[in-house]
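Inspection log for the structure reproduced underneath, given as structure tokens.
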């Protein structure tokens, strides 16, 4: 039964990380619904690592091409690589707003009073539902090469919303991208390109806290298995969500977030 708890929570993480419904919000909901004696903070970090590996695998070819072309332009000034060189810097730029906000929030413990407030999750899900509804029909015209530094900063500012429990990070950045007239797939790709460095940075800040904890070998095995489950299902869901975005079906997530948010506010 103990193992099943971890596998179940890894499954929830995997099913919800890539889609705009907030994985952290769903973990909090299940934490309130079911009496699970689990260190949720550590579990979230470990399963997020599984999700990160999955997303890197999904975008592996893009990542290799971007990194390779970045250094080709940096050292050889290969003009055919200039767009990818510029795109890499736009990823860095897009991470700055949420990076600064995240550090401030962490240092000042600004979310401590609300991070376990389940009503906040419900409200945040409804906010996500409204934002998804507003951009549901936007197709956009701009591609990777058309993203400007201003677009990157605005999308990065949208990513700050993802710091709130119940607001999806992927959802907020895709909303920000589509709001900046990016094509659906362009917004999708840029959203997850931002996710990768932000997720690595967040784990780097939290890894020492995990290592300081007295965790048994058995529990570490449970964490590992939950991370594997999260990785497998995040990979599947990311591939599926890309098709959903490109077909303009975000309205379904809007409806889902509104219903779940309302149920959380009313009943929890």
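Observations
- In the condition set (1) over 23 Å from residue 158 (Cβ atoms); (2) surrounded by 14 or more Cβ atoms within 10 Å (Cβ to Cβ), residue 61 is compliant with all but (2).
- Some residue of the stretch 202-216 being surrounded by 13 or more Cβ atoms within 10 Å (Cβ to Cβ), under 23 Å from residue 59 (Cα atoms), in contact (Cβ under 8 Å) with a residue 60 or more places away in the chain and under 17 Å from the mean Cα position of the chain (by Cα): yes
- Residues in the stretch 202-216 that are over 15 Å from residue 51 (Cβ atoms) and either in contact with a strand residue (DSSP E or B) (Cβ under 7 Å, 6 or more places away or on another chain) or in a helix (DSSP H, G or I) (or both): 204, 205, 207, 208, 209, 210, 211.
- Residue within the stretch 111-118 that is closer than 30 Å to residue 81 by Cα and either surrounded by fewer than 22 Cβ atoms within 10 Å (Cβ to Cβ) or at pLDDT below 90 (or both) present: no
- Residue count for the stretch 1-28, restricted to those that are in a helix (DSSP H, G or I), surrounded by 23 or more Cβ atoms within 10 Å (Cβ to Cβ) and under 19 Å from the mean Cα position of the chain (by Cα): 9
- Residue 123 falls short of the stated requirement of being in contact (Cβ under 8 Å) with a residue 12 or more places away in the chain and touching a strand residue (DSSP E or B) at 6+ places or on another chain (Cβ under 9 Å).
- On inspection, residue 37 does not qualify as modelled with pLDDT under 90 and within 22 Å of residue 122 (Cα to Cα).
- The set of residues in the stretch 243-267 that are touching a residue at least 12 places away in the same chain (Cβ under 8 Å) and part of a loop (DSSP other than H, G, I, E, B) comprises 248, 250.
The values are calculated or read from the model by the stated rules, or taken from the named source; none is laboratory data. These figures come from a predicted structure and were not determined experimentally. All Cβ positions, glycine included, derive from the backbone under ideal geometry; neighbour counts span all protein chains shown.
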